[in-house]
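Peer 1: There's a structure below that I have some questions on.
Values in this text are rule-based calculations from the coordinates and carry no lab data. Keep in mind that what you see is a predicted model, and the values were worked out from it rather than measured. Counting neighbours? That spans all protein chains shown, and the Cβs are built from the backbone with ideal geometry, glycine included.
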Amino acid sequence: MLNPMKRYLFLKQAATRLMVAGDVQRYLHALRLMHAMRSRGTATA
């Protein structure tokens with residue numbers, strides 16, 4: 001299982017790949033997940 005910081009970094013990398021690939025729906029979903037983690041404070045180690 002990934003700790004919160006590793007999960008956040010994984011989502012960030014995935015979002016970058018999705019943006020480059022042009023998959024807008026999944027890209028925006030990844031950004032929403034990242035935002036939720038930041039707003040809850042779970043993105044920091």
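Peer 1: Report the Stokes-Einstein translational diffusion coefficient (µm² s⁻¹, integer) for the chain, Rh taken as the Kirkwood radius over Cα pairs, at 37 °C with viscosity 0.692 mPa s.
Peer 2: 313 µm²/s
Peer 1: Can you give the net charge of the other residues whose Cβ lies under 12 Å from the Cβ of Thr42, counting K and R as +1 and D and E as -1?
Peer 2: Net charge in that neighbourhood comes out at +4.
Peer 1: A further question follows. Please work out how much length the chain gains when fully extended from Val20 to Asn3, using 0.36 nm per residue of separation minus the C-alpha to C-alpha distance, in nm with one decimal.
Peer 2: On the way: separation 17, 0.36 × 17 = 6.12 nm, distance 2.60 nm.
Full-extension gain reported as 3.5 nm.
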